[in-house]
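Visitor: What follows is a structure written as structure tokens; I'll ask about it next.
Since every read-out is calculated from the coordinates, none of them should be taken as a lab result. If you're wondering where the values come from, they're calculated on a predicted model, not measured in any experiment. All Cβ positions, even for glycine, are placed from backbone atoms using ideal geometry, and neighbour counts span all protein chains on display.
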């Protein structure tokens, strides 16, 4: 019991040893902050109500707020990945989107040598980085 009391006393003593003077006068409020700790919502409405944006340009994921505005879907992203594979001369398998990762199978032409296939595979990876940088594409 003595050790518990001594531990609490030491903790209280150390907690009171601060040189900083924290008062409401020293806190600076920035009116131009973005999202707060709780994201966009009622706590941040005061600074958000004057913002304007084009809803077609925002990436709000698959939880659509306005169904009348055309949005990209995961199927569109998978089709884009398959198109990139085919534009590089490979035959594409199905592209599977899983969060920030895309898994796709690229079938090389049987007429390519191993050296040609490896060079084209590097070119394909660079094409993914340039054309769809929001995903990490895993090619098999």
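Visitor: For the stretch 74-139, place one equal point scatterer on every Cα, skip the solvent, and apply the Debye formula. What is log10 of I(q)/I(0) at q = 0.13, 0.27 Å⁻¹?
Guide: Log-scaled intensity ratios, in q order: -0.31, -1.21.
Visitor: Which of 124, 74 has the fewest other C-beta atoms within 10 Å, and how do the rest follow up to the most?
Guide: With the sparsest Cβ surroundings first, the list reads 74, 124.
Visitor: Within the stretch 76-90, which residues have the backbone N less than 16 Å from the label spot 7 Å out from residue 119 along Cα→beta-carbon, could you tell me?
Guide: Label zone hits: 88-90.
Visitor: Would you mind calculating the relative contact order of the stretch 74-139 from Cα pairs under 8 angstrom and at least 6 residues apart, reporting the percent as a whole number?
Guide: After rounding, I find 33 percent.
Visitor: Pulled fully out, how much extra length does the chain show between residue 126 and residue 4, if you take 0.36 nm times their separation in residues and subtract their Cα-Cα distance?
Guide: 37.8 nm
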